[in-house]
Amino acid sequence: MYTSIFKYGELPEFKKFTPENINTQFPLVLEKIAEDFKEIEKNLSNYLINNDLNWDKVINPLNEVNEILRWSWGVISHLNAVNNSESIRDIYSKFLPEIISLSNKFGQSKIIYNSLLKLKEINNFDQIKNRILEKEILEMQHRGISLQKNDQEEFNSISEKLGKLSTDFSNNVLDATNNWNLILRKNSEVDGLPERVLEMMAISAHNYLKKEGEVDIKNGPWKLSLDIPTYTSFMTYATDRNLREKLYKAFVGRASQGENNNSQIIEEIIHLRTKKAILLGYKSWGELSLSTKMAKEIKNVETLLEELREPAFKTAKIELEKLDKFSKKNGFPKSQNIQPWDISYWSELLRKEKLNLDQESLRPWFPLNDVLNGLFKLSEKLFEIKVVEATNEAPLWNDDVLFFNILNNEDNKIASFYLDPYSRPETKRGGAWMDECLNKNNIGKKTLPVAYLVCNQTPPSKDKPSLMSFEEVQTLFHEFGHGLQHMLTTVNLPQAAGINNVEWDAVELPSQFMENWCFHKSTLLNIAKHYKTGEKLSDENFEKLLKNRTFNCGMATLRQLHFAITDLRLHSNIDKNKGKTADEIRREIAKQTTVIPPITEDKFLCCFSHIFAGGYSAGYYSYKWAEVLSADAFSMFEEADLENSEDLQFIGKKFKDTILSLGGSLPPLEIFKLFRGREPQTDSLIRHLGLSEAT
Ligand SMILES: [Zn+2]
């Protein structure tokens, strides 16, 4: 008997999602979705004519068809990310255009739009439903649905042009990055580089030169290139200053000359974005972007960034002076000033001298199992939940994947999650993320939330379990924080449950909040035991980790602020910016946001893909915005008494009942205030980053 593998609302049976099965069955799913959609439009137009609309008639069928699409495409995208192969990649790119066109159809349907408007007009819903409705309507308006015919044509043609310009932009960055390299043959040229980096560079030289035989790590040749791992390692460790200068100039000048020049594309993108925003009734692209965010207004973002900028600038100046002194004491020419290509190198030497911290040597204290137990114990204490392993209960996509259930304090299952911990370079995308497998749904077929937590940490070896770096521990806590918001939701409407409907600049709150616990002494010391001897991590090593967190944080923060402020002003100060190029505007902003002004070759904007090819335009500030929220939320625990478990439990429950439970059901500021009792403040983050010492 024929049964479909697309059983939406259930845990996917991953092993049955073979290329053959997907290829034969997914088109049927898409066909069904298209039919359902037509049916919905037909029903809605009847309801509109008869003036017979209500929430259940409009929203529920739309939710159902959206969920079918999300679930089905979700499994395919998930496998594409964690179980990649040539055939799944082909499937993914084959169906992607169809998925895009389907979601455009939903997002640009006049009938749906009119039904939503009517619904809003005739009914008096509660705050949650109103919020869902308003956001849905606004999103459709941002797709140009309410424009007059002429304007709509112009809008569509601008959107198309912007799409193409973004692609050109990122292709130029990619080409410019790949086209540059230097083959190094002298040992002096790679002096200072760690073994791991030499190996990476020797292998890529070997492949690039199509050499036969063994790779020679010791004698080279080695390939120097502009990819991030090679670039950062070389800037941090290489003693050859001239080569560092050459590499730095190539890096910051990427895509700013010749056939890969992005300068003109940037001007065009900004110009067209402004035009698009004006067509939609906004003054600027920045205003349009902020209309869907927690920050709401440009001046709120400017205020927050300025509050951070001032102490960051002061601290960065002090850090630079210290670095200058240290370098001159250790052989840097006294007659010269430290240059941008010296910063990472001398910082690393100073870090070594000041902290004497070797992060690699701490791995034996962080075996995966102990870290998980510690994380679960912490969550149990704070949020009144139990985490129980249930790997044999669920279908998996890889033998290393784990599955857990979350129980409430009455031992009822309320959610589950997958954890795919290890890196598998051949088949798994890099980075770490949380994704929704199942959404909480109380309408129709009831489902509990299930999350995918995916990391890329060091796998176990023959005689060792997975020994995590401290950074990998933080990443796991981070993703678990996202997972908690997805899984502990109490919102019954799927459109606003978990991370759904949460504003972009507030979504990193729970994740960054959880990271803070890695720097909480008793939490970390309870976790960190040597995997062989059981010996606890020493106080001294903990202090080192703590100091490392704030080491040169002024310069790092200032850099982020430079990006955020530049992004915001490029997209908002329309009148002030007139007659100036983006590069000129950036250099003006740099006066207040850098301690060494950008050199002439530095055309950083030409490779600022986040804002010109990704989704971060007039939104790069979100990183810092959410960091302020999470630090301020954590400070509530610090103010109580981190060692008093009753206090912790009380505040933990409050955090669960507000930030983790309410998801996108209320405006994030309101939820924050329910937890914190007041509006967010920047001082906790300033203190956590060690920026207050300078003031
Ligand atoms: Zn995150």
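Values computed for the structure shown
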read-out	value
Helices (runs of 4 or more DSSP H) fully within region 75-191 counting 2 or more residues that are over 30 Å from residue 288 (Cα atoms) and modelled with pLDDT of 90 or more	86-107, 149-179
Members of region 565-575 found to be under 25 Å from residue 599 (Cβ atoms) and either surrounded by fewer than 17 Cβ atoms within 10 Å (Cβ to Cβ) or small (Gly, Ala, Ser) (or both), listed by number	573
Residue satisfying all of: in region 521-578; of a type in the set (Asp, Glu) and closer than 30 Å to residue 272 by Cβ; modelled with the lowest pLDDT among these	575
Residue 273 vs. criteria modelled with pLDDT of 95 or more, more than 30 Å from residue 500 (Cβ to Cβ) and either assigned to a loop (DSSP other than H, G, I, E, B) or in contact with a Phe, Trp or Tyr (Cβ under 7 Å, 6 or more places away or on another chain) (or both)	no
Positions within region 486-541 being within 16 Å of the ligand (Cβ to nearest atom) and touching a Lys or Arg at 6+ places or on another chain (Cβ under 7 Å), in sequence order	498, 503, 504, 505
Of all residues in region 638-685 being assigned to a loop (DSSP other than H, G, I, E, B), out of contact with any Leu (no Cβ under 8 Å at 6 or more places or on another chain) and polar (S, T, N, Q), the one that is modelled with the lowest pLDDT	644
Long-range neighbours under 8 Å by Cβ, at least six apart or interchain, first residue within 22 Å of residue 548 (Cα to Cα) within region 469-484, second hydroxyl-bearing (Ser, Thr, Tyr) and outside any helix (DSSP H, G or I)	469/458; 472/458
Filter result for residue 254 (within 30 Å of residue 225 (Cα to Cα) and modelled with pLDDT of 95 or more)	yes
Pair list, Cβ < 6 Å and 6+ apart or interchain, from region 96-123 residues that are charged (D, E, K, R) to residues that are at pLDDT 90 or above and not in a helix (DSSP H, G or I)	118/53
In region 641-682, the residues that are surrounded by 15 or more Cβ atoms within 10 Å (Cβ to Cβ) and hydrophobic (A, V, I, L, M, F, W, C)	642, 648, 651, 655, 659, 660, 662, 666, 669, 671, 672, 675
Residue 41 surrounded by fewer than 19 Cβ atoms within 10 Å (Cβ to Cβ), farther than 30 Å from residue 401 by Cβ, in contact (Cβ under 8 Å) with a residue 12 or more places away in the chain and acidic (Asp, Glu)	yes
For residue 475: the one exception among (1) in a loop (DSSP other than H, G, I, E, B); (2) within 16 Å of the ligand (Cβ to nearest atom); (3) among the polar types (S, T, N, Q)	(1)
Boolean, residue 609 is among the polar types (S, T, N, Q) and modelled with pLDDT of 95 or more	no
Only one of 491, 502 that is over 22 Å from the mean Cα position of the chain (by Cα), surrounded by 20 or more Cβ atoms within 10 Å (Cβ to Cβ) and part of a loop (DSSP other than H, G, I, E, B)	491
Qualifying positions in region 192-206 - of a type outside the set (Ser, Thr, Tyr) and part of a helix (DSSP H, G or I)	195, 196, 197, 198, 199, 200, 201, 202, 203, 205, 206
Matching residues in region 417-443 - criterion: being closer than 16 Å to residue 397 by Cα and among the polar types (S, T, N, Q)	423, 427
Selection from region 525-542 of residues that are crowded, with 18+ Cβ neighbours inside 10 Å and basic (Lys, Arg)	529
Number of positions in region 324-349 that are in contact (Cβ under 8 Å) with a residue 40 or more places away in the chain, part of a helix (DSSP H, G or I) and not polar (S, T, N, Q)	6
Residue satisfying condition, being modelled with pLDDT under 95, farther than 16 Å from residue 84 by Cα and not acidic (Asp, Glu), within set 386, 381	381
Residue tally, condition in a loop (DSSP other than H, G, I, E, B), among the hydroxyl-bearing types (Ser, Thr, Tyr) and farther than 25 Å from residue 680 by Cβ, over region 605-624	0
Filter result for residue 196 (among the charged types (D, E, K, R), surrounded by fewer than 19 Cβ atoms within 10 Å (Cβ to Cβ) and under 33 Å from the mean Cα position of the chain (by Cα))	yes
The lone exception for residue 77 - which of (1) on the phi > 0 side of the Ramachandran plot; (2) surrounded by 15 or more Cβ atoms within 10 Å (Cβ to Cβ) it fails	(1)
Yes/no for residue 603 being at pLDDT 95 or above and crowded, with 20+ Cβ neighbours inside 10 Å	yes
Listing of strands (runs of 3 or more DSSP E) fully contained in region 400-467 that carry 3 or more residues being more than 16 Å from the ligand (Cβ to nearest atom)	402-407, 413-422
Candidate set from region 336-359 (those that are of a type in the set (D, E, K, R) and exposed (fewer than 12 other Cβ atoms within 10 Å of the Cβ)); member that is farthest from residue 551 (Cα to Cα)	358
Hits in region 3-20 - residues which are of a type in the set (Asp, Glu) and over 18 Å from residue 445 (Cα atoms)	13, 20
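This table checks each residue for (1) touching a Ser or Thr at 6+ places or on another chain (Cβ under 8 Å); (2) closer than 30 Å to residue 331 by Cβ.
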| position | (1), (2) |
| --- | --- |
| 165 | no, no |
| 192 | yes, yes |
| 206 | no, no |
| 221 | no, yes |
| 233 | no, yes |
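The values are calculated or read from the model by the stated rules, or taken from the named source; none is laboratory data. What you see is a predicted model; the values in this text were computed from it and never measured. When we count neighbours, we look across all protein chains shown, and the Cβ atoms used for this are built from the backbone with ideal geometry, even at glycine.
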